[in-house]
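Okay, structure first, notes after.
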Protein chains: 6
Amino acid sequence: MNVKENKSKSVDPQTERYERGWEQLKKIDGEAGERVIQSLQEVAPDLGRYVIEFAFGDIYSREGLSLQQRQLVTLSSLTTQGGCEPQLTVHLNAALNVGLSTREIVEAIMHCAPYTGFPRVLNAIQTAKRVFEERNLV
Amino acid sequence: MNVKENKSKSVDPQTERYERGWEQLKKIDGEAGERVIQSLQEVAPDLGRYVIEFAFGDIYSREGLSLQQRQLVTLSSLTTQGGCEPQLTVHLNAALNVGLSTREIVEAIMHCAPYTGFPRVLNAIQTAKRVFEERNLV
Amino acid sequence: MNVKENKSKSVDPQTERYERGWEQLKKIDGEAGERVIQSLQEVAPDLGRYVIEFAFGDIYSREGLSLQQRQLVTLSSLTTQGGCEPQLTVHLNAALNVGLSTREIVEAIMHCAPYTGFPRVLNAIQTAKRVFEERNLV
Amino acid sequence: MNVKENKSKSVDPQTERYERGWEQLKKIDGEAGERVIQSLQEVAPDLGRYVIEFAFGDIYSREGLSLQQRQLVTLSSLTTQGGCEPQLTVHLNAALNVGLSTREIVEAIMHCAPYTGFPRVLNAIQTAKRVFEERNLV
Amino acid sequence: MNVKENKSKSVDPQTERYERGWEQLKKIDGEAGERVIQSLQEVAPDLGRYVIEFAFGDIYSREGLSLQQRQLVTLSSLTTQGGCEPQLTVHLNAALNVGLSTREIVEAIMHCAPYTGFPRVLNAIQTAKRVFEERNLV
Amino acid sequence: MNVKENKSKSVDPQTERYERGWEQLKKIDGEAGERVIQSLQEVAPDLGRYVIEFAFGDIYSREGLSLQQRQLVTLSSLTTQGGCEPQLTVHLNAALNVGLSTREIVEAIMHCAPYTGFPRVLNAIQTAKRVFEERNLV
């Protein structure tokens, strides 16, 4: 497995999609997103490429929902799945980056309580608390 | 188990919360929501009461997110959990009732694909298709 | 795959465990349990054998919890998992067979609401309602 | 978000339900439960209130099942969900507080193995081991 | 939403990836896969396109695992998730199409029992039984 | 609960099955597997016995799939469930022990992305990265 595998993709017809995804990822997730992709370079560089191309180049780049609406959907999906604290941390930051308030984020997580139960909601709120503290928002 | 158990609650201090929840449920879920509560009268009337009081009287009645935002969160949670087709049917109708477009609903479900995978998203889209057809929206 | 594969096991030292499990399954699940095992004969007879030996011969035969306590744990696990309506149907009958009341069964399912959310609890209650109706208990 | 939001609820008609829930939570979960509620004061005080009111004031206060039976159901639900180690720690302590023996707790977790598989059961047993060690029970 | 949305993609640089995916999908899933894509044309044509491009054009087209190995991984993932019977039906047919025997398929599903428990395994086996019967393999 | 409970089983007719399982566990999981069993001696020795007897003595000892095929199925099931990092660590080592390459392991985990979504796949890849680093394979 070769770190350069990722780079070599930049000359094929996928380029535009990759670059659109990369711009979206940097705008939405910021440095935390870049670190996730970087952490994959050694063992699964193509997985990082798929995250960029599919999750950001395809899905996040679609029209029909605002980025704030998309982050509400993402927070709900990650809260409901459980066991996704690293991804929730990235997307809590993303939610703040695209302009959701701490109040809206807390409300979105709490709104999941009747659907997925308190344990997953409590875990997501504790993750949110840590993110808010790191950004001096509480 | 007694159908009247539910009624007898209407004289205690919970009344306001129950009535606020019932108004919200009727506004958001419409007749489909009422049918769910009705179907519980025989074996678990208090469960219907808790759905009204907690899910609608407490959570849906909160400020901080619009009803449209709350439905996006609900659709994402139900899509992600899987196996919740009856509840998804109710809340797809609810999403339309509070003003989300079919496009926004489809986008919200599709947005879950990178987080929860295609199978749960495909199942949710088929459920959406049936709801749209029943309402002559496709 | 051969239906007789199952029978041929009856001469090895596992016999006692298999027979203990089969007695437990018949006592707890009744005919519904036997039908599950029968339905596996054609494609996966050993799976039926493992259900008998491990789930019933090993686990259900243990001391330390009464059969009623074990059914409460089973109902909670199946309610929480979701998508297990066939198994829930068998084990709702089993719960009645070992002496839990309809009230205790409904309470056990409802007790899961704060932990796993309303959708899975509503699905389990509807399954319970069908089982109670079949046995003329509502 | 204001820590006092929680207090201000104590004058509305919900008082009785909140206080009943708070007494139950202290009796069942002890200090560990109080710490969970306390940890929510800064970012989501109402979530703590809902846990008290709905999980403890409504559900745990119901008749129809003993507290020991309710803890068996809770342990099964949390074991089956997976990823709920913090909540499992609180409720393992609660199980001991309401009089379940370490043997009954271990049996209840092990009973989930045929339903939810060994990985979630192994994780729950390791959490139980830590709780038992903290209380000098092994 | 426009059925032609899908076609219009065939002129952009994605063409090769889409066509590679479409060939793979037809080879692996056969008509069942085509029907899934077709069923999405009315409400979510792009979702069908993403299944073709990402699941088949990107992932299934990779080297490093044989198609038989990939189907074992797919069957395990769908069995473990639960609630994915429609997708499992497609991929049980796919497993047969790429040369796995009914015995290997049954073994792969049964192998999940210690990891995900009997209920999801029993549901997957019943789905396999129906597929085998439709193809006159039992 | 008595550590000797486990030993005493070695004289009953289960012996052969237990010993076959123990040999399989040592061959497949190596010392990591033995440590899991050892860690259960104090609170749930029979759980360790069931892992040996059922997971390894019954399931892993079956014919019909090679050990490499079985490990692909196991990795997929554990990746898809989520929250099973300790078990995934043991079975990533097992996958290497039975001859799967790091490339095949990474491909198997990545193959789950369209089925279970990126978050669970990213968590499994990070666990694989740690295992590969410990064995100096990256």
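The values are calculated or read from the model by the stated rules, or taken from the named source; none is laboratory data. These numbers were taken from a predicted model, which means no experiment stands behind them. We place every Cβ from the backbone using ideal geometry, glycine too, and count neighbours over all the protein chains shown. For the accessible areas, the whole protein counts, side chains as well, though only heavy atoms, and no ligand, DNA or RNA atoms are used. Shrake-Rupley method; radii C 1.70, N 1.55, O 1.52, S 1.80 Å.
Applying the selection to region D:39-65, what residues are touching a Gly at 6+ places or on another chain (Cβ under 9 Å), under 24 Å from D:A128 (Cβ atoms) and either open to solvent by 10 Å² or more (accessible area, probe 1.4 Å) or polar (S, T, N, Q) (or both)?
D:S39, D:V51, listed by residue number.
When you scan region A:1-48 for helices (runs of 4 or more DSSP H) that lie fully inside it, which ones turn up with 2 or more residues that are hydrophobic (A, V, I, L, M, F, W, C) and at pLDDT 90 or above?
A:15-28, A:30-40
What number of residues within region F:42-94 satisfy the criterion of being touching a Cys at 6+ places or on another chain (Cβ under 9 Å) and on the phi > 0 side of the Ramachandran plot?
2
Being within 11 Å of the chain's Cα centre (by Cα), surrounded by fewer than 24 Cβ atoms within 10 Å (Cβ to Cβ) and either within 7 Å of another protein chain (Cβ to nearest Cβ) or not polar (S, T, N, Q) (or both): is that true of F:V36 here?
yes
Where residues in region E:38-88 are of a type in the set (D, E) and touching a Phe, Trp or Tyr at 6+ places or on another chain (Cβ under 7 Å), which of them is nearest to F:C112 (Cα to Cα)?
Step by step, filter region E:38-88, then rank; the result is E:D58.
Out of contact with any helix residue (DSSP H, G or I) (no Cβ under 6 Å at 6 or more places or on another chain) and either basic (K, R) or more than 10 Å from chain A (Cβ to nearest Cβ) (or both): is that true of B:G48 in this structure?
So B:G48 fails the test.
Answer yes or no: is there a residue in region C:121-133 that is touching a Gly at 6+ places or on another chain (Cβ under 6 Å) and at pLDDT 95 or above.
So far as region C:121-133 goes, no, none of its residues is touching a Gly at 6+ places or on another chain (Cβ under 6 Å) and at pLDDT 95 or above.
Taking the stated definitions as given, is C:S101 modelled with pLDDT of 95 or more, of a type in the set (S, T, N, Q) and touching a Cys at 6+ places or on another chain (Cβ under 8 Å)? Steps first, answer last, please.
Values: modelled with pLDDT of 95 or more: yes; of a type in the set (S, T, N, Q): yes; touching a Cys at 6+ places or on another chain (Cβ under 8 Å): no.
Spelling it out, it is not the case that C:S101 is modelled with pLDDT of 95 or more, of a type in the set (S, T, N, Q) and touching a Cys at 6+ places or on another chain (Cβ under 8 Å).
Among the numbered criteria (1) within 30 Å of C:E53 (Cβ to Cβ); (2) assigned to a helix (DSSP H, G or I), which single criterion is violated by E:F54?
(1)
So for region F:97-108 (the condition being within 30 Å of A:D58 (Cα to Cα) and among the small types (G, A, S)), does at least one residue qualify?
yes
Can you work out which of the residues in region D:15-29 that are out of contact with any helix residue (DSSP H, G or I) (no Cβ under 6 Å at 6 or more places or on another chain) and more than 7 Å from every other protein chain (Cβ to nearest Cβ) is least open to solvent (accessible area, probe 1.4 Å)?
If we take residues in region D:15-29 being out of contact with any helix residue (DSSP H, G or I) (no Cβ under 6 Å at 6 or more places or on another chain) and more than 7 Å from every other protein chain (Cβ to nearest Cβ), then D:T15 is least open to solvent (accessible area, probe 1.4 Å).
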